[in-house]
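The values are calculated or read from the model by the stated rules, or taken from the named source; none is laboratory data. In this text, all values refer to a predicted model and were calculated from it rather than measured experimentally. Here Cβ is always computed from backbone atoms with ideal geometry, including for glycine, and neighbour counts include all displayed protein chains.
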Amino acid sequence: MNRFENKVTLVTGAASGMGKATCERFAAEGGSVFAVDIDPDGLALIADSISAAGGTIATQVCNVAKKEDCVAAINGAVETFGKLDTLANIAGIVRFNHTTDLSEEEWNLVLAINLSGPMFLSQAAIPHLLETHGSIVNVCSNAGLMGQAFTAAYCASKGGLVQLTRSMAMEFMKKPIRINAVCPGGTDTAMNKSIHFPDDVDWDLITRYSTPRGMAPAEDLASAIAYIASDEAKTVHGSIFSVDNGLMAG
């Protein structure tokens, strides 16, 4: 398939996990990818890999917690490729802690990356996406749809991103742009493998938001993002997709 031929996608969190898999998927389907991340070494690796496979990619270091970096990333994509068709907001961070132990620094960092970043990127991207009749795909989480113990900041940020998605979708209902979200469950990524739990965590509460089907490969989430961004989903707008191995089924 070449669903993204002659189309430009900006992917945040592109150096690893879902972001990396999404870059690979869009490039494999003929798209030009503008990959951004805070990790320059990771960006170099994904750029080399996609270029070696014959794909088209450019990279830019970006800290999505900073509005100026978000604006610069959108400008960089448009300056490099001449337009923007899709914004995939994938960069994220999670912290597990007792709510009473959560520091101001941790709270602000999680909300800055998971919620403020997508907001500022969307602000800068929307004028360009209106020109191309493009789309925004926000990667939220099932933590934005249900309560999860020991993740107050993460749940708040992802719940906020779900509502940001819905709000923007309503605001631009009459405009030629589509805005949707994907809510993964546990995904096999470096971020999830490096999670640190409090020493006295109650594991019975943790198992309430896990599924016997286990973690999904990052490539499965990339497939969902690619579908939502493609013309096959031309009537999909304001939707929140759970891709979580059945966690929300009950």
Please pick out the residue among Phe4, Phe26 that is touching a strand residue (DSSP E or B) at 6+ places or on another chain (Cβ under 9 Å), in contact (Cβ under 8 Å) with a residue 12 or more places away in the chain and in a helix (DSSP H, G or I). Phe26
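Being surrounded by 15 or more Cβ atoms within 10 Å (Cβ to Cβ), part of a helix (DSSP H, G or I), touching a Phe, Trp or Tyr at 6+ places or on another chain (Cβ under 8 Å) and not aromatic (Phe, Trp, Tyr) narrows it down to one residue among Val78, Val71, Val94; which is it?
Details: Val78 fails: touching a Phe, Trp or Tyr at 6+ places or on another chain (Cβ under 8 Å); Val94 fails: part of a helix (DSSP H, G or I).
Of Val78, Val71, Val94, the one residue that is surrounded by 15 or more Cβ atoms within 10 Å (Cβ to Cβ), part of a helix (DSSP H, G or I), touching a Phe, Trp or Tyr at 6+ places or on another chain (Cβ under 8 Å) and not aromatic (Phe, Trp, Tyr) is Val71.
Would you list the helices (runs of 4 or more DSSP H) that sit entirely within segment 154-250 and hold 1 or more residues that are under 15 Å from the mean Cα position of the chain (by Cα) and modelled with pLDDT under 70?
Fully inside segment 154-250 and qualifying: 190-193.
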Expected output for segment 89-107 (first residue modelled with pLDDT under 95, partner acidic (Asp, Glu) and part of a helix (DSSP H, G or I), Cβ below 6 Å, 6+ apart or cross-chain) is Arg95/Glu106
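Of all residues in segment 108-123, count the ones that are more than 17 Å from Tyr154 (Cβ to Cβ) and free of Cβ contacts under 8 Å to residues at least 60 places away in the same chain. Spell out how you get there, then give the answer.
First, pick out the residues of segment 108-123 that are more than 17 Å from Tyr154 (Cβ to Cβ): 120-123.
Those still in the list that are free of Cβ contacts under 8 Å to residues at least 60 places away in the same chain too: 120, 122-123.
So the answer is 3.
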Kindly check whether there is at least one residue in segment 29-44 that is under 12 Å from the mean Cα position of the chain (by Cα), within 19 Å of Glu219 (Cβ to Cβ), touching a residue at least 40 places away in the same chain (Cβ under 8 Å) and in a helix (DSSP H, G or I). no
